[in-house]
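I have placed the structure first, in the form of structure tokens, so that the comments after it can refer back to it.
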Amino acid sequence: MLGHTHAPRFTGLPEVLIACAIGGSIGFYDGFFGPGTGSFFVFLLVRVLGYDFLHASAGAKLLNFASNLTAIALFAAKGHVWWHLVAGMALANVLGSWAGTHLALQHGAVFVRRVFIAVVLALITKTGWDALNFPVPIPPA
């Protein structure tokens, strides 16, 4: 079953090259659009590399952190960081990561897979709802 067991499809250099391609493409997406980056990382690590959801989720956390750190460095260098919001958001991120890590380690890959699927379905539902209820501007006559 997809993401149920950890069975990497590649080893050595092929795994590194494929992982770099995944990181580069999702990193580009993260820099350009942003939302859903962690979910895309998890999905691709499971589907392409054959990781289980526990390993894929751990890898996605590290990759997402690296991407966010790079974005912070760039925006800080350009003077576009709202520093007054950073501490609260960083604390919430650390607490959420801590709680998620403990839940994942306690309950394993099956739990992570179920939560991942539930979150993706919720996001798809919300996106669909927003698309159907998007106010269409009426041009003046």
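Go through the stretch 1-82 and tell me which helices (runs of 4 or more DSSP H), entirely inside it, have 2 or more residues that are loosely packed, with under 14 Cβ neighbours inside 10 Å.
It comes to 12-32, 53-78.
Restricting the stretch 101-126 to residues that are within 14 Å of PHE43 (Cα to Cα) and among the charged types (D, E, K, R), which is surrounded by the most Cβ atoms within 10 Å (Cβ to Cβ)?
ARG113
Taking the condition of being β-branched (Val, Ile, Thr) and under 15 Å from GLY36 (Cβ atoms), how many residues in the stretch 126-141 meet it?
The total comes to 1.
Assess whether ALA92 counts as being modelled with pLDDT under 90, surrounded by 10 or more Cβ atoms within 10 Å (Cβ to Cβ) and part of a helix (DSSP H, G or I).
no
So is PRO8 out of contact with any His (no Cβ under 7 Å at 6 or more places or on another chain), modelled with pLDDT of 90 or more and farther than 20 Å from ALA118 by Cα or not?
Against the criterion (out of contact with any His (no Cβ under 7 Å at 6 or more places or on another chain), modelled with pLDDT of 90 or more and farther than 20 Å from ALA118 by Cα), PRO8 does not qualify.
The values are calculated or read from the model by the stated rules, or taken from the named source; none is laboratory data. Just so it is clear, the structure is predicted and the values come from calculations on it, not from any experiment. Please note: Cβ atoms are built from the backbone with ideal geometry, for glycine as well, and neighbour counts cover all protein chains shown.
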